[in-house]
Amino acid sequence: MILSDKEIIADIENGKIVIEPFDAACMGTNSYDVHLGKYLATYKDRVLDAKKHNEIEVFEIPEEGFVLQTGTLYLGVTVEYTETHAAVPFLEGKSSVGRLGIDIHATAGKGDVGFCNTWTLEISCTQPVRIYAGMPIGQLIYFKVSGEIQNYYNKKQNAKYNSRTIFPVESMMWKNKF
């Protein structure tokens, strides 16, 4: 079951959801709009290796915007820092962003209960498109959880994306054993 706007606000008031900065104008009927942060990153190497640490180059989006190119994966970040302690957050692109041919995540649209951070975006596009820091980029939707939670993300010893940041974070697949 998806939380309504009233339920999201109630969970913000009781501390089960944190959104910083919070702006009531960003509330939808059953979602909260998030915005593109000022930093993007690209991988230094064109060929990535799942067993190795693939380094990124971080850069700031200029005031006049930045043109995304096809065939390149960009890592972005949300302006908003979020915490979710009693629901499962899903990040989806806004339809206006999709209509520009921009995808904001390749596979990782779901967060875990206990996720506390900004959201790294896996941005790609179908044709060149200019983007801007601060533009609406996605929406958070919250799903109720059934049953007790034993393993909150922010309390896991091996959680790879727990360090609070304002920058995009590269893949940490290399930390897995396979």
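Highest GNM mean-square fluctuation, the chain, Cα pairs closer than 10 Å: which of A41, A87, A159?
Comparing A41, A87, A159 in a Gaussian network model of the chain, the most mobile one is A159.
List D33, D11 from most exposed to least, where exposure is judged by having the fewest other Cβ atoms within 10 Å.
D33, D11
Suppose we flag trypsin sites (Lys or Arg not before Pro) only when DSSP calls them loop and at most 15 other Cβ atoms lie within 10 Å. Which is the longest uninterrupted stretch of the chain?
My reading of the result: 100-155 is the longest stretch.
Which is farthest toward the positive dipole end of region 1-119 among G111, L75, V47, measuring Cα position about the Cα centre, with Cβ charges +1 (Lys, Arg) and -1 (Asp, Glu)?
Selected residue: V47.
Over what distance in Å are the Cα centres of region 9-29 and region 67-114 separated?
18
Select from Y43, Y142, Y74 the residue whose mean-square fluctuation is largest in a Gaussian network model of the chain (Cα-Cα springs shorter than 10 Å).
Of Y43, Y142, Y74, the most mobile in the Gaussian network model is Y43.
Hand me the GluC sites (Glu not before Pro) from region 55-160 located in a DSSP loop with no more than 15 other Cβ atoms within 10 Å, in residue order please.
E55, E63, E64, E148
Would you tally the net charge around E20, using a Cβ to Cβ cut-off of less than 9 Å, leaving E20 out, and scoring K and R as +1, D and E as -1?
-2
Just to confirm a number: summing +1 for Lys and Arg and -1 for Asp and Glu over residues other than E55 whose beta-carbon lies under 12 angstrom from that of E55, what do you get?
Neighbourhood net charge equals -2.
What relative contact order, as a whole-number percentage, does region 63-178 give when Cα pairs under 8 Å and 6 or more residues apart are counted?
Answer for region 63-178 is 37 percent.
With the Cα gyration tensor of region 90-178 giving a ≥ b ≥ c as the square roots of its eigenvalues, does the rule (a/c under 1.5 for rounded; else a/b larger than b/c for prolate; else oblate) give rounded, prolate or oblate?
prolate
Count the net charge of all other residues whose Cβ sits under 14 Å from the Cβ of L100, scoring Lys and Arg as +1 and Asp and Glu as -1.
+2
Here, each number is a calculation from the coordinates, and none is a lab measurement. What you see is a predicted model; the values in this text were computed from it and never measured. Here the Cβ is made from the backbone with ideal geometry for all residues, glycine too, and neighbour counts use every protein chain on show.
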